[in-house]
1. For Leu29 and Asp135, what does the FRET efficiency come to when R0 = 25 Å and r is the distance between their Cβ atoms, rounded to the nearest 0.05?
2. Residues with beta-carbon under 14 Å from that of Ala33, excluding Ala33: net charge, scoring Lys, Arg +1 and Asp, Glu -1?
3. For Gln86 and His63, FRET efficiency with R0 = 35 Å and r from the beta-carbon atoms, rounded to 0.05?
4. Calculate the spin-label point distance for His37 paired with Phe14, positioning each point 7 Å from the Cα along the beta-carbon direction, and give it in nanometres.
5. Glu127 versus Tyr76, label points 7 Å from Cα toward the beta carbon: distance in nm?
6. In debye to the nearest 20, how big a dipole does the range 38-81 give about its Cα centre with +1 on each Lys and Arg Cβ and -1 on each Asp and Glu Cβ?
7. Please turn the phi angles of the range 60-65 into ³J(HN,Hα) values with the Karplus equation 6.51 cos²θ - 1.76 cosθ + 1.60 (θ = phi - 60°), one per residue in order, whole Hz, x for glycine and proline.
Amino acid sequence: MKLRRYDRLLRGEFRSLAEAWSNGVTEVLSRVAYDAHERKSVYLRSCSWLDACLHAPIWWTNHQRRPFYIASVRAYNCGSSHTENQQMWSWMQTGSQGLAGERRGAAEEMDSLRYYTDSMVCVVHIEGTTAGFFDVDSLDNRQQATGPHVA
């Protein structure tokens, strides 16, 4: 399958965060919504909601406007193969450090991240996630040294 076809298939899928709430300290609840239930490309929809459900917890971390990546995960549990996927929910809990704590380290830790279908079936439970952050200055310097990437 060509890259352009993937682009058409995924247009907007990874930007489907509809709402998010936080107590500002240790919890984030978010809802990802799509126009319709996906029956044909369920695996692509799953990739998009797994990604989009993580956006809200990152909003409330001390990211300092740096791009992030998942550095490590202690445990990744798939609880159900339920395929309901028009609306997904995620609930994240973090430790006493809080979401936007005073710590200005290279990573933020999330104790528990759970993904639910609209009927509240838990489909994924991730424990011990560490988000890492790129140093924008070093990325800029690296791009200047190697030249711009052309796709």
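1. On the way: r = 30 Å, r/R0 = 1.22.
The value I calculate is 0.25.
2. Details: positive: Arg15, Arg31, Arg45; negative: Glu13, Glu19, Asp35, Glu38, Glu84, Asp118.
It works out to a net charge of -3.
3. 0.75
4. It is 2.7 nm.
5. The answer from the label model is 1.6 nm.
6. Numbers: 6 positive and 2 negative charges, 11 e Å.
With Lys and Arg at +1 and Asp and Glu at -1, about 60 debye.
7. Karplus values, whole Hz, x for Gly and Pro: 8, 7, 8, 7, 6, 6.
FYI, it's all coordinate maths here, none of it is from the lab. For clarity, every value in this text was computed on a predicted model and none was experimentally measured. All Cβ positions, even for glycine, are placed from backbone atoms using ideal geometry, and neighbour counts span all protein chains on display.
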